[in-house]
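One structure below.
Readers should treat all values here as calculations from the given coordinates under stated rules, not as data from a laboratory. Owing to the predicted nature of the structure, the values given are computational and were not obtained by experimental measurement. In this analysis, Cβ positions are derived from the backbone assuming ideal geometry, glycine residues included, and neighbour counts consider all displayed protein chains.
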Amino acid sequence: MLKNKKILLGITGSIAAYKIILLVRMLMKENAEIKIIMTPAATQFVSPLVLSTLIQDKVAIDFFSENTWANHVMLGRWADVFIIAPLSVNTLSKMANGQCDNLLLATYLSATCPVLVAPGMDEDMWHHAATRKNIETLKSYGNHILTVQKGFLASGLQGEGRMEEPENILLYLKENFFRGNQLQGKKVLITAGPTYEAIDPVRFIGNHSSGKMGFALADAFYEQGAEVTLVSGPVHLGKSYRGIQLISLHSANEMYNACMDIFEEMDIAVMCAAVADFQPETVSKEKLKKKDQGLELTLIQTQDILKSLGALKKPNQFLVGFALETENENKNALQKLVSKNADMIVLNSLRDKGAGFGTDTNAVTILDKSGNETTLPLETKKEIAQKIIQIIIQKAHA
Ligand code: PMT
């Protein structure tokens, strides 16, 4: 998402400056292009040598160094986003008042790109009336302000003033400046994870789905600008983006109700969850006691969510099913595509190594009603999700 995006990072004199090394590493992992400016005070908190070694470029500090003039106008125009983190109380005050006594401030005043600031200071400074006023002034300039966090402060006190954590700065950056627009305005429903069908208050029937594939799909749709509702069974994952609406539930019945409630307003629905096909006919109120002769359970069928959505589907809606097979994969998947009235089915074979439940990778075959077949060989679930979405976009517009 941040590949080749131009990120200008401004660092000012606050103890949180040491955390910026982590942010730089994260940006590099995303293949962003990074340039760094530091105020002279920031160099007391983090070494320019460490930062320039990481980005393999000079760190700009002075207007005039080694007989060259660091061109603040070009830096400000080069960037897609200028992040100032940590933002000290001193630099905040100068920004609010248009002062220009170092390279970072000159670049701020000439930047034409969006500016994001992550303040970091002691609690009393943060609550001072002057700081409050300066923050409001930056807001009025259209700058994006990350709120400070509560916790342990360098002064030894506990309170508000901690700079937002680097992973959240990265998240804000992605969510607010770099989402694609291929699916802007489109509403997407995704199901993920397993369902748990209760036997008694302690036991359930479940399966090995981790939710990774469904969550990767939710991320990929969101990154392309879609409004995403992710309906998930019990998993150990959190949503990656604040803007994704996550509905967490347990049983097939709950998943059925959640999907039926919102399907009408959806443009695209992708049923990736491994929904239980059977549930116990009755759920014991008390924990079942161990018996010598074993235990017989009567199972009844759950509602088929994909099939029910297929029956309701309107011509402007695009419905995608998944199929998890262990034999006669293509034949079974095609049968599901037709019987459930889906537009496309993503086939997972448990015979493919590294694919299916729990893994970070997947390999799938995509089948559609016209008999087209696309094979996506083993890649990360993130990459597979991005490719599935491109195929959905193509087919939905065809
Ligand atoms: O979660 P991970 O660990 O990342 O693993 C991903 C996955 C292997 C679970 C995923 O890629 C996958 O294959 N999901 C579908 C699993 C499945 O239940 O397949 P199925 O062939 O039993 O079901 C066919 C389709 O009907 C699926 O879209 C399923 O969501 C849907 N279904 C099934 C039963 C039911 N009662 N209602 C349904 O909607």
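From least to most packed, judged by other beta carbons within 10 angstrom and beginning with the fewest, H128, H72, H208, H144 follow the order H208, H128, H144, H72. Take every DSSP beta bridge whose two residues both sit in segment 166-256; close to 15 percent of them are antiparallel.
Our summary gives segment 200-274 a relative contact order of 30 percent, counting only alpha carbon pairs under 8 angstrom and 6 or more residues apart. Residues L299, L334, L306, L51 in ascending order of nearby Cβ atoms (within 10 Å, fewest first): L299, L334, L51, L306. Taking every DSSP helix (H) stretch of at least 4 residues in the chain, weighting each as -39,500 (n - 2.57) and dividing the sum by the residue count yields a mean residue ellipticity at 222 nm of -9500 deg cm²/dmol.
Of K287/K340; K94/K150; K5/K187, which ones are farther than 32 Å apart at the Cα? Mind showing how you got there, number by number?
On the way: K287/K340 37 Å; K94/K150 25 Å; K5/K187 27 Å.
Cα-Cα > 32 Å for K287/K340; rest within.
In plain terms, the residue of F64, F204 with the fewest other Cβ atoms within 10 Å comes first and the most crowded comes last, giving F64, F204. Separation of segment 127-184 and segment 316-384, taken as the distance between their Cα centroids, equals 41 angstrom. Computed about the Cα centre, the dipole magnitude for segment 279-398 is approximately 360 debye when only Lys and Arg (+1) and Asp and Glu (-1) carry charge, each at its Cβ. Per residue, the average separation of C-alpha pairs within less than 8 Å and at least 6 apart gives segment 71-192 a relative contact order of 24 percent.
Taking a quarter of the surface of the Cα convex hull of segment 215-365 gives a mean projected area of 11.6 nm². Quantify how much of the Cα-Cα distance distribution of the chain extends past 38 Å, in percent. Within the chain, distances greater than 38 Å cover 38 percent of Cα pairs.
Using C-alpha pairs under 8 Å with a sequence gap of at least 6, the mean separation divided by the residue count of the chain gives a relative contact order of 11 percent. Distances between every pair of Cα atoms in segment 6-177, grouped in 10 Å steps from 0 to the bin holding the largest one, split as 10, 43, 38, 9, 0 percent. In the chain, taking the dipole from charged Cβ atoms about the Cα centre, the farthest positive-side position among A118, L8, A355 is held by L8. The dipole here belongs to segment 6-177: it is taken about the Cα centre, uses +1 on the Cβ of Lys and Arg and -1 on the Cβ of Asp and Glu, and is about 160 debye.
Each of A269, T282, A396 was scored by the projection of its Cα onto the charge dipole of the chain, and the greatest displacement toward the positive side belongs to A396; charges sit on the C-beta of Lys, Arg, Asp and Glu. Counting only aspartates and glutamates at least 8 places from K307 when in the same chain, those with an alpha carbon closer than 20 Å to its own are E197, E254, D261, E264, E265, D267, D277, E325, E329, D343, D368.
Most simply put, segment 6-177 has about 25% antiparallel DSSP beta bridges, counting only bridges with both residues inside it. Bridging of K291 to aspartates and glutamates at a Cα separation below 18 Å is possible for D200, once same-chain residues fewer than 8 apart are set aside.
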